[in-house]
Amino acid sequence: NGVPPRNYDEISHIIEDSTGKTMHELFDSFDEVPIGSASIAQVHRATLRPRKEGEEPVPIVLKVQYPDVAELFDADLSNLEIATKLFAPENLEVAKALRKRHENELDFTKEAQNMRDCTRDMQKYGVEPSLVRIPRVVDDICTQNVLAMEYLEGVSLSDAIQQEQDRVAKALGKQDGDELKKVLASRMREHFENG
């Protein structure tokens, strides 16, 4: 989070171009304000239009990739490879591996498959859904630039971390996680300065 989101017209255009369907065909509702935005994409809540008579609308989230991201990454990685060839040719394989990793990250169909694989593996070991719940992919909307998955109610990761820090802090007699972090930082600083 923290990256300014793109406007609804641009996002709806990406979804329609990527899926070949209009927003009206796809969704009963679509929240124009994203629930999160980052450097390569932003995430919106929506309600999937029922496919059959009598079905209920399905709440989902969509991760929509910005159209210029792949080109910008390609240009940056090409420049990195050129610089690596010139100044550190022994690291060229590292630069190529970085390119491959980013290309995979920019293909949301691969992310969807990773989610399916992770779900299957976690279920095989009895972890999903008893301890962890992975959202199910909505296959007919997933493309290289759009990832659709079921919406799950829950606590954000940052909130869960803060709650755990607060719990530990209170168990140690502190008011909250922030106070504990200050005490720990002070003790670490003192340790490094005074030995």
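Remarks
- Summing charges over all other residues whose Cβ lies under 9 Å from the Cβ of Ala148, with Lys and Arg as +1 and Asp and Glu as -1, gives -2.
- For the chain, the relative contact order works out to 16 percent when only alpha carbon pairs closer than 8 Å and six or more residues apart are counted.
- The shape of the chain can be summarised by an equivalent ellipsoid whose semi-axes, obtained from the alpha carbon gyration tensor, come to 35, 29, 18 Å from longest to shortest.
- For region 1-74, taking Cα atoms only, Rg and Dmax work out to 13.3, 46 Å respectively.
- Cα-centre dipole for the chain with unit charges at Cβ (Lys and Arg positive, Asp and Glu negative), debye to 20: 760 debye
- Per principal axis, descending, Cα span of region 16-126 in whole Å: 63, 38, 24
- The alpha-carbon atoms of region 133-195, seen along their principal axes, cover 61, 25, 13 angstrom, with the largest extent given first.
- Between the alpha-carbon centres of region 1-47 and region 105-167 there is a gap of 19 Å.
- Charge sum, other residues only, whose C-beta stays under 12 Å from Gln163's C-beta, Lys/Arg counted +1 and Asp/Glu -1: -2
- Number of Lys pairs (Cα under 20 Å; 8 or more positions apart or on different chains) in the chain: 10
- Ranked by the mean number of other Cβ atoms within 10 Å of their residues, highest first, the peptides 116-124, 152-160 come out as 116-124, 152-160.
- Positive-end residue of Phe108, Pro34, Ala88, charge dipole of the chain with Cβ unit charges: Ala88
- Normalised per residue, the accessible area of region 1-154 is 61 Å², obtained with a 1.4 Å probe and no contribution from ligands, DNA or RNA.
- Long-range HN-HN contacts of Ile60 with modeled amide H, under 5 Å: Ala46, Thr47, Leu48, Tyr151
The values are calculated or read from the model by the stated rules, or taken from the named source; none is laboratory data. As the structure is a prediction and not an experimental result, all values here were calculated from the model. Positions of Cβ are backbone-derived with ideal geometry, glycine not excepted, and every protein chain shown enters the neighbour counts. All accessible areas refer to the heavy atoms of the entire protein, side chains included, with ligands and DNA or RNA removed. Shrake-Rupley method; radii C 1.70, N 1.55, O 1.52, S 1.80 Å.
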